[in-house]
Amino acid sequence: MNINLTLFGQLISFLFFIWFCKKFVWTAIIHSMEERQKKIADGLDAADRAFRDLELAQEKATERLKDAKQEAAAIIEQANKRANQIVDEAKEQAKTEGDRLKVAAQAEIEQEMNRAKEELRESVATLALAGAEKILKANIDESTNRALVDDLAAQL
Amino acid sequence: MAGETQEAGTGYIQHHLTNLTYGQTEHGWGFAHSAQEAAEMGFMSVNVDSLGWSIALAVVFSFLFRLGAKRATSGVPTGMQNFIEMMVEFVDGTVKDSFHGRNPWIAPMALTIFVWVFFMNLMDLVPVDVLPVIAALINGESWEVISSGRSHTYMKVVPSTDPNITLGMALAIFGMIIYYSIKVKGIGGFVGELTLQPFSAKNPIVQAIFIPINLALELVGLLAKPFSLGLRLFGNMYAGEMIFILIAMMYGGGLLLGAFGGVLQLGWAIFHILIITLQAFIFMVLTIVYLSMAHEDH
């Protein structure tokens, strides 16, 4: 238990090992630990961000879907309207066409009737003329006249 | 008979408490062959065993942690790196708790102190006779001489039971306290701290009377720091080692006493695990606190 040079030997080696620890041990370990800390913090940040992004994307997707549905509904409605319109138009057209055809047919029928009447009148006139002529020729003979008129009457 | 046993016991203890001292003997430079011879060497001698074991343990510490530092990556730590990072984190946390200045040397110093002192104390758990007997055998002494307790090969394997070791570290810390006090506060500030507290007065004559009183008080406080630091560790480890030696003596007292000694040794060793860790921790924390005080500018 004598105090001797060991004291200074220990003192110097103590200082040396502190220096060694600072230079070759502490700095490297603390550095890697800090780096890891930063890495972990970054990772957590990124995870948070990704989560938020996902949420945002989901929201966007839902909105898009809603929009698309709305648009589809609008298109269908429009198409229905257009179809109805087309049908209505077709009906209208058919009706007018029918009316027109009917009118034309009636006109033709009338025309035909008029012509027939005309023809009949002409025939009657001719027949009357022919009868008158025959009456005039056989005026002398009573019996002949009689026969003529009878004949005419038979011809009518 | 009783006296003889007592003498043998005293010799056994004495043998265990004598350092392997290298210094100037009557026959020139060499190792001391007895405690008395070692004492006669005076200051110009070296306790080769304590200093050797101390440096060897510091090399183990440096090697271990250097290996860890080399392999340190910012990726997932495994095995050895986990342990080393745990130690570093623990020391760093302690330093951050107690040290409020800015000094990049404090934390690595605290780590060195903690692990090194722990390793030195850990040597206490090696059974007291193992390493001395191996040393004596290497030295070429016969088994008969060793077992009869007349061996002259001294080997004290726990460096922290040597006051030279603990006071050497304390002295280094004392130097750091002075250095940082002057560096942070300036010579004027440091001298002022030593002379103007705790008593002060507005009257310059009264103040002049107070100055020597203050200086005496503060110097005692200043010097008590390294001494208490070194002697606390030394005292605790010395006492623990002494008890291990006393228990080891029981092995020579027959089967029953030997068995009882075995139980005692186990119990004391388990308790000692707590003590050695605690002492290493206290040494580290007090060093940090003293240096923190040195950095505080009033």
What list of ³J(HN,Hα) couplings, whole Hz, do you get for the stretch B:88-103 from phi and the Karplus terms 6.51, -1.76, 1.60, once you set θ to phi - 60° and write x for glycine and proline? 4, 5, 4, 5, 4, x, 4, 5, 5, 5, 9, 10, 10, x, 10, 8
Column: log10 I(q)/I(0), Debye, Cα scatterers of the protein assembly as shown, q = 0.09 Å⁻¹: -0.82
What net charge is computed for the residues neighbouring A:R82, neighbours being all others with C-beta under 14 Å from the C-beta of A:R82, Lys and Arg scored +1, Asp and Glu -1? -2
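Evaluate 2.2 N^0.38 Å with N set to the residue count of the stretch B:2-295, then give the Cα radius of gyration divided by it. Show your work: numbers first, answer last.
Working: Rg = 23.3 Å, N = 294, 2.2 N^0.38 = 19.1 Å.
That works out to 1.22 for the stretch B:2-295.
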Which whole number gives the average count of other chain Cβ atoms within 10 Å of the Cβ atoms across peptide B:150-163? 1
Report, ordered by chain and residue number, the lysines lying within cross-link reach of A:K102, taken as a straight Cα distance under 26 Å and ignoring same-chain residues fewer than 8 apart. A:K91, A:K117
For the stretch B:165-296, what is the largest minus smallest coordinate of the Cα atoms on each principal axis, given in angstrom and ordered from greatest to least? 76, 27, 19
Net charge dipole size for the protein assembly as shown [Lys, Arg +1 and Asp, Glu -1 on Cβ; Debye, nearest 20]: 1520
Between B:T161, B:F244, B:V285, whose Cα lies farthest towards the positive end of the dipole of the stretch B:2-295 when Lys and Arg beta carbons carry +1 and Asp and Glu beta carbons carry -1, centred on the Cα centre? B:V285
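Could you please rank B:M237, A:M33, placing first whichever residue has the fewest other Cβ atoms within 10 Å of its Cβ? Walk me through the intermediate numbers first.
Details: B:M237 26, A:M33 18.
Going from sparsest to densest Cβ surroundings: A:M33, B:M237.
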So if I take the alpha carbon set of chain A, get Rg, then get Rh from the Kirkwood formula, what is the Rg over Rh ratio? 2.11
Using a 10 Å cut-off on Cβ to Cβ distances, tally the other chain neighbours for every residue of B:106-113 and report the average as a whole number. 6
Ranked from highest to lowest mean number of other Cβ atoms within 10 Å per residue, what is the order of the peptides A:91-98, B:249-256, B:191-198? B:191-198, B:249-256, A:91-98
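Counting only other chains, and only Cβ atoms inside 10 Å, what mean value do you get across the residues of B:21-28?
Details: counts 3, 3, 3, 0, 0, 0, 0, 0.
Mean shielding by partner chains, rounded to a whole number: 1.
Would you mind calculating the relative contact order of chain B from Cα pairs under 8 angstrom and at least 6 residues apart, reporting the percent as a whole number? Working shown, then result.
Details: 303 pairs, mean separation 71.7, N = 298.
Over chain B, the number comes to 24 percent.
Could you order peptides A:41-53, B:155-167 by the average number of other Cβ atoms within 10 Å of their residues, highest first?
Values: A:41-53: 10.0, B:155-167: 26.9.
Packing proxy ranking, top to bottom: B:155-167, A:41-53.
Using mean Cβ contacts within 10 Å as the protection proxy, how do B:201-208, A:7-14 order, highest first?
Working: B:201-208: 9.8, A:7-14: 20.8.
Result, highest mean Cβ count within 10 Å first: A:7-14, B:201-208.
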Within the set A:E89, A:E122, A:E55, GNM on chain A using Cα springs under 10 Å gives the largest fluctuation to A:E122
How about A:K66: which lysines have a C-alpha closer than 23 Å to its C-alpha, ignoring those fewer than 8 places off in the same chain? A:K81
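Assigning unit charges at the beta carbon (Lys, Arg +1; Asp, Glu -1) and nothing else, what dipole magnitude in debye, to the nearest 20, does the stretch B:2-295 show about its Cα centre? Before the final figure, lay out the partial values.
On the way: 12 positive and 18 negative charges, 265 e Å.
Dipole about the Cα centre, nearest 20: 1280 debye.
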Hey, how many Å between the Cα centroid of the stretch B:245-298 and the Cα centroid of the stretch B:31-80? 19
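Normalised by the residues of the stretch B:169-236, what does the relative contact order come to in percent, with Cα pairs under 8 Å and at least six apart? Write out the running numbers ahead of the final one.
On the way: 34 pairs, mean separation 26.5, N = 68.
Across the stretch B:169-236, relative contact order equals 39 percent.
Please work out the Cα convex hull volume for the stretch B:74-199 and give it in Å³ per residue. Could you put the intermediate results ahead of the total?
Working: hull volume 24.7 nm³, N = 126.
For the stretch B:74-199, the hull spanned by Cα atoms encloses 196 Å³ per residue.
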Those lysines that a straight Cα-Cα span of less than 26 Å connects to A:K39, excepting residues fewer than 8 apart in one chain: A:K22, A:K23, B:K70, B:K96
If B:H100, B:H272 are placed from fewest to most neighbouring beta carbons inside 10 Å, the sequence is B:H100, B:H272
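Read the figures in this text as sums done on the coordinates, not as results from a lab. For clarity, every value in this text was computed on a predicted model and none was experimentally measured. All Cβ positions, even for glycine, are placed from backbone atoms using ideal geometry, and neighbour counts span all protein chains on display.
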